[in-house]
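See below for the structure under consideration.
Throughout, read-outs are computed from the coordinates displayed, never taken from laboratory work. Quick caveat: nothing in here was measured; it's all calculated off a predicted structure. So basically every Cβ, Gly included, is an ideal-geometry build from the backbone, and we count neighbours across all protein chains shown.
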Amino acid sequence: RKQQQKFGSSSKSNNKMAVGLEMIQVQFQPVLDRYIAKQISDEELKDQVQWEKRWFWSFDGYLPIFQKCRELNIPLIALNVDSEDLGLVEANGLPGLSRDKLQKYVPDPNGFAQFARNRYYKTYVDYVISPSYELHKEMGILRTTITGQLLEEDMSFARFFSGRILWDESMASNAYRWVVDNPGGLICCLVGADHVKFTGGITGRFQRMAKEQLDCTSVILNPTLIDTRPSGSVSMLSNVAALASGPNDLTLQLRYLKEGVAVGSVESRLPESTGGVLALADYLVLSNNA
């Protein structure tokens, strides 16, 4: 509702603003363009982006945003990796993609590789991505790729990780490409909290591409305890209890160590061993009717 009110204050034609969508894969950008041009209906949009097959949250939950963008002529931008390509990576790693396909999602391969070597990124991986992998393993859902291809054994962490970073890099690079093509423009990306929190997802990658020449601001709407802790570490019961007590239990920052300091060592507990902290996000928006 708040997003609708914010969009409602915009002008009737806005070519300097766009809304990026994690839930739409890049192959369907022409469909989004036809929708904004009022050439297809809401139902045709749902069908032509293969929503039921390729996304897991309700289309109706996003529809008011799509409709407001259409009314105000605000472009919708597809951000996500095509399932067919992500499936190849989950089965074979990044080498499973041809050079041309990889270039589509990773236009800056050197920066992409360097980003994973940052000291803080290892802390992010240990806190966010590794627990997610273990949770998927416990749930028994690592025997198939996103396209349903059956694997002989559980997907390795390396291939799970490769798929995850390709997902993040694709979203960041598509958002960055739009901003470069539209100088002075603003793109507001609607993505899951795991891709935003603690800098290691889209935000840090966008900042790497922008080289401090463009601003990137992260906002998490109504975060819960589960959103700020490692996957699988908080039960639904604990999450509900934390909601009742307010935001005081949220993890708002993630500490990482200086180079050369071993995790778990006596030295790692010393304040002077701190390399820095990663903020959960630039802003948290909390509402009473979440």
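Annotations
- Each principal axis of the Cα cloud of segment 31-159 was taken in turn, and the coordinate range along them, longest first, works out to 44, 34, 30 Å.
- From the alpha carbon centroid of segment 123-138 to that of segment 18-88 is 29 Å.
- The angle separating the long axis of helix 236-245 from the principal Cα axis of greatest extent in the chain is about 80 degrees.
- Peptide ranges 222-233, 188-199, 49-60, 97-108 listed from the most packed, as the mean C-beta count within 10 angstrom indicates: 188-199, 222-233, 97-108, 49-60
- Taking trypsin sites (Lys or Arg not before Pro) across segment 108-190, the ones in a DSSP loop with at most 11 further Cβ atoms lying within 10 angstrom of their Cβ are ARG117.
- Subset of LYS53/LYS137; LYS211/LYS258; LYS101/LYS258; LYS197/LYS258 violating a 29 Å alpha-carbon distance limit: LYS101/LYS258
- Largest GNM mean-square fluctuation across PRO183, PRO131, PRO271, computed for the chain with C-alpha springs under 10 Å, falls on PRO271.
- Once the chain from GLU212 to GLN253 is taken as fully extended at 0.36 nm per residue, the excess over their C-alpha distance is 12.6 nm.
- Close amide H partners of CYS189, meaning residues 5 or more places away or on another chain with modelled amide H under 5 Å apart, are GLY20.
- Summarising the label geometry, the points placed 7 Å from Cα in the beta-carbon direction at LEU151 and ASP100 lie 2.8 nm from one another.
- The angle separating the long axis of helix 83-92 from the principal Cα axis of greatest extent in the chain is about 30 degrees.
- Kirkwood hydrodynamic radius over Cα pairs of the chain, then Stokes diffusion coefficient at 10 °C and 1.306 mPa s, in µm²/s: 77 µm²/s
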